[in-house]
Amino acid sequence: MAIFGPKVASLQELFVQELEDLYDAEHQIVKALPKVIDAASAPALKAALAMHLEQTHNHVRRLEQVFNRLGAPAREKRCDGMAGILKEVEKTLREGQSSPIMDAAIIGAAQRVEHYEIAAYGTVRAFAERLGRSDVARVLEETLNEEKAADAKLTEVARQINSQATVAGLRR
Ligand SMILES: [Fe+2]
């Protein structure tokens with residue numbers, strides 16, 4: 001999340017800060033996802049995550065397009081929120097081995113990532129509208145919709161995996 005301070009004097013500035021924050025968050029996700037895909041075992045989960053990795057590359061490019069339209073340099077501002085979520089993900093991957101239980105944990109983590117992004121893109125889209133930049137709002141909305149779809153996909157995959165995780169638990 002953007003850090004508030006006396007230096008942020010306008011909604012326009014806050015808007016750009018939030019975009020810089022998201023630009024960093026998306027880069028963090030691009031870096032983290034391959035490890036998560038490796039750790040997942042269910043093919044449906046691997047596929048959903050791999051598809052989202054591809055989309056995330058696109059989200060980075062869309063943000064660059066947004067910076068370009070605003071005439072602002074594409075800068076990354078450290079997103080501590082995403083860093084925190086991804087730190088937890090790494091801990092989960094380190095502590096468990098691939099299994100339906102691990103898959104269930106991965107889905108929980110991936111949905112936290114998605115919800116963070118849904119909140120952040122919802123915010124910047126609203127700022128863009130308010131600032132009279134419906135062209136930029138439309139670009140941000142494309143990504144917002146993909147984040148929502150990725151979240152819904154994970155919910156669907158979870159239904160199948162959580163039932164396997166329950167059976168795995170009963171077998172112990
Ligand atoms: Fe994204």
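Just one of the listed residues (L63, L49, L22, L33) is without any contact (Cβ under 8 Å) to a residue 40 or more places away in the chain, open to solvent by less than 30 Å² (accessible area, probe 1.4 Å), within 13 Å of the ligand (Cβ to nearest atom) and assigned to a helix (DSSP H, G or I), and it is L33. Restricted to the range 119-172, and to residues there that are of a type in the set (D, E) and within 20 Å of A25 (Cα to Cα), the residue that is surrounded by the most Cβ atoms within 10 Å (Cβ to Cβ) is E147. Taking first residues from the range 109-121 that are touching a residue at least 24 places away in the same chain (Cβ under 8 Å) and among the polar types (S, T, N, Q) and partners that are open to solvent by 40 Å² or more (accessible area, probe 1.4 Å) and more than 9 Å from the ligand (Cβ to nearest atom), the Cβ contacts under 9 Å between residues at least 6 apart in sequence or on separate chains come to Q111/T155.
I'd like the full set of residues that are of a type in the set (G, A, S), within 16 Å of the ligand (Cβ to nearest atom) and either more than 12 Å from V36 (Cβ to Cβ) or in contact with a His (Cβ under 7 Å, 6 or more places away or on another chain) (or both), limited to the range 84-136. The answer is A119, A120, G122. When N162, N145 are screened for being of a type in the set (S, T, N, Q) and either within 16 Å of the ligand (Cβ to nearest atom) or farther than 19 Å from A47 by Cα (or both), only N145 passes.
Would you be able to say whether some residue in the range 85-96 is free of Cβ contacts under 8 Å to residues at least 24 places away in the same chain, open to solvent by 20 Å² or more (accessible area, probe 1.4 Å) and among the hydrophobic types (A, V, I, L, M, F, W, C)? Looking through the range 85-96, none of the residues is free of Cβ contacts under 8 Å to residues at least 24 places away in the same chain, open to solvent by 20 Å² or more (accessible area, probe 1.4 Å) and among the hydrophobic types (A, V, I, L, M, F, W, C). Applying the set (1) within 26 Å of L70 (Cβ to Cβ); (2) within 16 Å of the ligand (Cβ to nearest atom); (3) of a type in the set (A, V, I, L, M) to A152 leaves exactly one unmet item: (1).
The values are calculated or read from the model by the stated rules, or taken from the named source; none is laboratory data. Model, not experiment: these values are computed from the prediction. Methodologically, a virtual Cβ is constructed for each residue, glycine included, from the backbone with ideal geometry; neighbour enumeration extends over all protein chains shown. Note: areas computed on protein heavy atoms with side chains; ligands, DNA, RNA excluded. Shrake-Rupley method; radii C 1.70, N 1.55, O 1.52, S 1.80 Å.
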